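**Q** Sending over a structure as structure tokens; questions will come in a sec.
The values are calculated or read from the model by the stated rules, or taken from the named source; none is laboratory data. Computed from a predicted structure; not experimentally measured. Counting neighbours? That spans all protein chains shown, and the Cβs are built from the backbone with ideal geometry, glycine included. To get the accessible areas, we keep the full protein, side chains included, count just its heavy atoms, and leave off ligands, DNA and RNA. Shrake-Rupley method; radii C 1.70, N 1.55, O 1.52, S 1.80 Å.
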Amino acid sequence: MTSTKFLPADYTQNLSSTSFSYASPSNIALIKYWGKQGIQIPKNPSISFTLDTCRTTTTLHFEKRDNHKENFEVKVILDGKHKPGFEAKIHQFFSRILQYMPFVKEYKFIVETTNSFPHSSGIASSASGFSAIALCLMEMEREMQPGLTDTYFTQKASFIARLGSGSGCRSLEGPLVVWGEHSEIEGSSDIYGVSYPYEVHENFRDFQDAILLVDQGEKQVSSTVGHNLMHNHPYAESRFNQAHENLAKLIPILKNGDLDSFIHIVESEALTLHAMMLTSSPYFILMKSNTLKIIEKIWEYRRETGIPLCFTLDAGANVHVLFPKNYKNEVQDFIKSSLSEYCQNNRYIFDSVGTGAIKL
Ligand code: DP6
């Protein structure tokens, strides 16, 4: 797959707009992306559910600069407050996308952003955040180059989001998005996410995700550092192969609605992700004791009730509890009565699978 198709043609129109806004969702991976090479090329394919209410809403304001200086000009405002700390990340992002969107040098930008989920909830906002910025930038490009197809628009937006944060390329569409080439998934690509192209059983429609906020502090080890530790990791190659195999196994499961097999793969993926952290050099642990307590409680509840709920984890201590919509009342009651005590300040978020980013 080549990136050249995302090099811009000559822009034929001037911009008359001064801002664009998008609300982009977060996503939760079922098959995990952990390990990358070059600039944001994943070492294995991944698939995620797009979330619904956990979102980043971003307005990108722009104004032509008189003369282009060497540096980019970006100001980041989060929840109404200027956050110079985030600007270096956007500068790095802009330098990565410059050849695909040369106009980023010609404008000064204000990125005004808010998250629907609480600050310091441990929920990463980078995926939803970069998805929203990428979509706003694509709106600029579409205005300067009318006639872009919707497919190109979405693919390039995902491609651009990936250069900000890998998992961000899975935060544009829904309900299931694949990123990374897989021999059995037509159209899958290492450089952008695609909507899962095959049949999905109604058991997985409107799936629920309850996010249990176990630890709302800053992570001791960032995802970037964690990804890098997969270089020279003794188990890396078998892990990457396993992700390919697990994704292949998931295709018939998603079609036939086999919840037991789904649970087996999803929980195994979560534990393998953390096993990679435990066996990195240097090794590290992102789970907390309450993460394990919650996992045990989920297993006990599943054994006792037969309700097909399962957990997954991202690169942190929080637990995502996934379950079919028809068990919503029982599982929400169980979370309130038996799991919320393991959450920091009893905090959790009830979300569900969603359909993707919204232009505002
Ligand atoms: C554990 O997408 O946050 O959530 O590409 O460095 O921005 P960067 O990493 P990021 O990694 C996400 C890792 C994960 C698994 C997943 O979402 O697939």
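**Q** Show the residue pairs meeting these rules: Cβ distance below 8 Å; 6+ apart or different chains; first residue within segment 225-237 and of a type in the set (A, V, I, L, M, F, W, C); second residue within 12 Å of the ligand (Cβ to nearest atom) and part of a loop (DSSP other than H, G, I, E, B).
**A** Matching pairs, first to second residue: Met230/Trp34; Met230/Gly35; Met230/Lys43; Ala236/Gly35; Ala236/Lys43; Ala236/Met230.
**Q** Here's something else I'd like to know. If you go through segment 124-154, how many residues are away from the ligand (no atom under 16 Å from the Cβ) and either assigned to a helix (DSSP H, G or I) or on the phi < 0 side of the Ramachandran plot (or both)?
**A** Qualifying residue count, segment 124-154: 19.
**Q** I'd like the full set of residues that are among the hydroxyl-bearing types (Ser, Thr, Tyr), touching a Pro at 6+ places or on another chain (Cβ under 9 Å) and surrounded by fewer than 23 Cβ atoms within 10 Å (Cβ to Cβ), limited to segment 44-93.
**A** Selection gives Thr53 alone.
**Q** Here's something else I'd like to know. I'd like to know if segment 94-102 contains one or more residues that are of a type in the set (Val, Ile, Thr), open to solvent by 50 Å² or more (accessible area, probe 1.4 Å) and either out of contact with any helix residue (DSSP H, G or I) (no Cβ under 9 Å at 6 or more places or on another chain) or within 16 Å of the ligand (Cβ to nearest atom) (or both).
**A** No, that holds for no residue.
**Q** Being without any contact (Cβ under 8 Å) to a residue 60 or more places away in the chain and within 23 Å of Leu98 (Cα to Cα) is the filter; apply it to segment 170-193 and report the residue that is nearest to the ligand (Cβ to nearest atom).
**A** Kept after step one, since they are without any contact (Cβ under 8 Å) to a residue 60 or more places away in the chain, are these residues of segment 170-193: 186-187, 192-193.
Filter once more, keeping what is within 23 Å of Leu98 (Cα to Cα): 192-193.
On the way: Tyr192: 13, Gly193: 11 Å.
Looking at residues that are without any contact (Cβ under 8 Å) to a residue 60 or more places away in the chain and within 23 Å of Leu98 (Cα to Cα), I get Gly193.
**Q** Considering only residues that are among the small types (Gly, Ala, Ser), in a helix (DSSP H, G or I) and in contact (Cβ under 8 Å) with a residue 40 or more places away in the chain, which ones fall in segment 244-270?
**A** Within segment 244-270, Ala248, Ala270 meet the criteria.
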